[in-house]
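Please read the structure below before turning to the comments.
Only the coordinates and a few stated rules stand behind these numbers; no lab work does. It should be emphasised that the depicted structure is a prediction, and the values quoted were computed from it without experimental measurement. Counting neighbours? That spans all protein chains shown, and the Cβs are built from the backbone with ideal geometry, glycine included.
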Amino acid sequence: MKMGVLFVVGVCVIFYQYHLSTSVRLDLSNTASGAADGLQISNDDAYVRASKILEDTIRETVKSVQRKAGLSPDVGTLLVRELLNQLGKVGFVAREDDRVAGTRTTAHGGGAAATTIVPPCSEPPVAEKAADDVNPDPIYVITPTYRRPEQIPELTRISHTLMLVRNVHWLVIEDAAVATKQVTDLLAGTGLKFDHLVAPMPDKYKLKKGAKPRGVSNRNRGLQWIRANATKGVFYFADDDNTYDISLFDEIRTTKTVSMFPVGLCTKFGLSSPVLRDGKFIGFYDGWVAGRKFPVDMAGFAINVGFLHARPNATMPFRAGYEEDGFLKSLAPLEPRDVELLADNCTKVLVWHTQTKKNEPSAPLDAKKYGDTNLVTLKRQIV
Ligand code: UGA
Ligand code: MN
């Protein structure tokens, strides 16, 4: 870690010396053009390009330290932000305003690949509705995950779904003390806006016999992130073992308070859904009611970010089987009859609790027989 920071500082020094030697002014943004190596380049261009190189180097370096030394993603993100802030103050890197519209800029994701396209500012003004269509408010997808043979295939599947969704920000939260390299690598390759966080299940629950509150510390960490970073949009708890129809995301985008919709392959009824008669909500259908006020599945509701902000104490309880109910109750005032019913009055199934078959961890590789083959690399990628 220290080595990584020293390396970053070293890169900055070399970079500074380089800019002195080439007389490219990093601390000025002007439109004058000058000759360099026989080419007419504007100082503006050189500045933006050079600062992009420095910024990329910082991100890559922190990412590489994160991989090699298991630096927590939170600390990695913070380190990148702090370094860029400090360098921005002394004019080493371009501030957001100085960048060329329409270029790719890094978002506050957990790695270099967390990118967003900034639309050109010269776009003609459009009606508000149309603007919403082009640039909708974000959907924050909170996905708890943990290390097991199915983890990477599951996350691959979800990531490919999310690639088809506009303005989505994926919060992937591991039930682990340190980030898993395979997950870090996967996220870096998606091109999605994301944050990679860790939130281990406390030992008192982990060591408990019987049903455990799975994914609860992860989801509460996601809520904490939303409270600290999100101002508008909608969030949704998307477990890693479900299948999502992409149209679900356009459905939940409109959520003003709390919305609900059917989930397939759920409980003994094969379905969990609000029930409507004559277009009116009359109750819930779920194979496991157990005295719950909101007998729904985790994948069966979405919430407006502002609605959460107005309820600073809302949290998910560490109570197996009652996570959804406990969380929705903590959003009081909220009554079942007040929820927004989506998916054509709950007539469509757009999400399924698929539950990939559990696999045993793979048998160890015979190193004598295969120690010098491709299987060594492959084995490193599986559990
Ligand atoms: C669902 C809910 O998501 C759980 O919060 C709840 O405990 C459970 O129903 C219940 O009602 O008893 P379930 O489908 O049974 O969970 O459990 P999983 O799919 O295994 O886990 C839910 C999420 O938490 C997944 O995204 C999974 O990757 C994650 N998880 C699971 C962890 O982060 N850590 C674990 O140890 C297990
Ligand atoms: Mn599940």
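For the reader, a short list of remarks on this structure follows.
- Pairs, first within 15 Å of residue 142 (Cβ to Cβ) in the stretch 201-221, second in a helix (DSSP H, G or I) and within 16 Å of ligand 2 (Cβ to nearest atom), C-beta under 6 Å, six or more apart: 216/323
- Residue satisfying all of: in the stretch 234-250; part of a loop (DSSP other than H, G, I, E, B) and within 14 Å of the chain's Cα centre (by Cα); farthest from ligand 2 (Cβ to nearest atom) among these: 238
- Across the stretch 189-224, the qualifying residues are those that are within 16 Å of ligand 2 (Cβ to nearest atom), under 20 Å from residue 328 (Cβ atoms) and basic (Lys, Arg), and the one among them that is surrounded by the most Cβ atoms within 10 Å (Cβ to Cβ) is 219.
- Single residue of 319, 253 found to be in contact (Cβ under 8 Å) with a residue 60 or more places away in the chain, away from ligand 2 (no atom under 16 Å from the Cβ) and loosely packed, with under 15 Cβ neighbours inside 10 Å: 319
- In the set (1) aliphatic (A, V, I, L, M); (2) surrounded by 11 or more Cβ atoms within 10 Å (Cβ to Cβ); (3) away from ligand 1 (no atom under 16 Å from the Cβ), the condition left unmet by residue 303 is number (3).
- Residues that are surrounded by 13 or more Cβ atoms within 10 Å (Cβ to Cβ) and without any contact (Cβ under 8 Å) to a residue 40 or more places away in the chain, drawn from the stretch 276-286: 285, 286
- Any hit, the stretch 318-329, residues being among the small types (Gly, Ala, Ser) and under 25 Å from residue 280 (Cβ atoms): no
- Those residues of the stretch 334-383 which are surrounded by 15 or more Cβ atoms within 10 Å (Cβ to Cβ) and over 28 Å from the mean Cα position of the chain (by Cα), in sequence order: 336, 365
- Options 376, 351: the member that is farther than 19 Å from residue 276 by Cβ and touching a helix residue (DSSP H, G or I) at 6+ places or on another chain (Cβ under 8 Å): 376
- The lone criterion from (1) in contact with a Leu (Cβ under 7 Å, 6 or more places away or on another chain); (2) more than 14 Å from ligand 1 (Cβ to nearest atom); (3) touching a residue at least 40 places away in the same chain (Cβ under 8 Å); (4) under 21 Å from residue 245 (Cα atoms) left unmet by residue 195 is number (4).
- Residue check for residue 220: of a type outside the set (A, V, I, L, M) and within 12 Å of ligand 1 (Cβ to nearest atom): yes
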